[in-house]
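Just below is one structure, and these are the notes that go with it.
No value in this document is a laboratory result; all are computed from the given coordinates. All values reported here derive from a predicted model rather than from experimental measurement. All Cβ positions, glycine included, derive from the backbone under ideal geometry; neighbour counts span all protein chains shown.
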Amino acid sequence: MSATGLAEKTPKRKQEKPAPKGKQSAGVKKRLVYVLLSVGLLVMSAPFLWMALSAFKTSSELTASPPVWIPTEWTLENFSALLDKLDLPLYFMNSVIVAVLVTVSNLVFCSMLGYALAKLNFAGKNKIFGLVLGALMVPGNLMLLPLFVLMSRLQLIDSYAALVLPFAAGAFGVFLMRQFMQSIPDELLEAARMDGAGEWYIFWRIVMPLVKPALATLSIFTFLGSWNNFVWPLIATNDPDKYTLPVALATFATDPNKSGGSNGLLMAGSFLIVLPVLIVFAVLQRHFTQGIATAGMK
């Protein structure tokens, strides 16, 4: 066969067309967004990383100049010294009790009111929802004095009730659950009512399983807020045995006879405060992102 014939039978390679300018610019913008988000993540996480790593540093590395980021000699001396000087298990248990009770009560009460505002018809429904929206606009610090007077009149100061009851239900939780429950089809609930199901059965057996992402979102926000709450536990407790972990650590840090100005002890205590929140977020992360993405959709 001649060379001309072979050339004719040989398939011609298709020339690759350059990507359109619009797609190229979109790719560049996407990479730029990733770079900016990565820089922002590093800036925001740098203080936490410094705190977590400093909890395992020796005293010489904490005061080294220039600063040492990664400890060359990992140690648990800061944690052991903190346990010796501070009744950490007691304060940790106080924080756990308060945070768990506040979270559970918010999940129950906010879900009930959210269901009523989303799926039930009754007189004054819109006015109640307006009050919920108005409560969202009131600064939390504005309510500290009235709450303290109320707890004092009820003789609940220096008790778990004083730390839990003022935050047993929040306006944000009601709003979140109401918006999420509006996405549940009304036909599903009407079918259950036609089959003879009562409102309690519909709420617990049908609605609650469908709003697990919203419950996870609310539980994370509520647990985080209760665990890190400092001002109200400081006001509502005078007995050191009722201190939560942030209050105990703050009083420990301001007492030179106990802390001795040791940054390592404070870093270890701060790390212990943050650790439970990270565990809760890691467990509920999938539901949390789903709840944030779908909340407010109808």
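Overview of values
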{"quantity": "Stretchable slack from residue 153 to residue 133, in nm (0.36 nm times residue separation minus alpha-carbon distance)", "calculated": "4.4 nm"}
{"quantity": "Relative intensity, log₁₀ I(q)/I(0), of the range 78-294 from a Debye sum that treats every alpha carbon as a point, q = 0.11 Å⁻¹", "calculated": "-0.64"}
{"quantity": "Equivalent ellipsoid semi-axes, the range 132-260, via Cα gyration tensor eigenvalues times 5, rooted, Å", "calculated": "39, 16, 14"}
{"quantity": "Under 15 Å from residue 119, Cα to Cα: aspartates and glutamates that are on another chain or at least 8 residues apart", "calculated": "186, 187, 190, 199"}
{"quantity": "FRET E, pair residue 92, residue 70, Förster distance 45 Å, beta-carbon r, rounded to 0.05", "calculated": "0.95"}
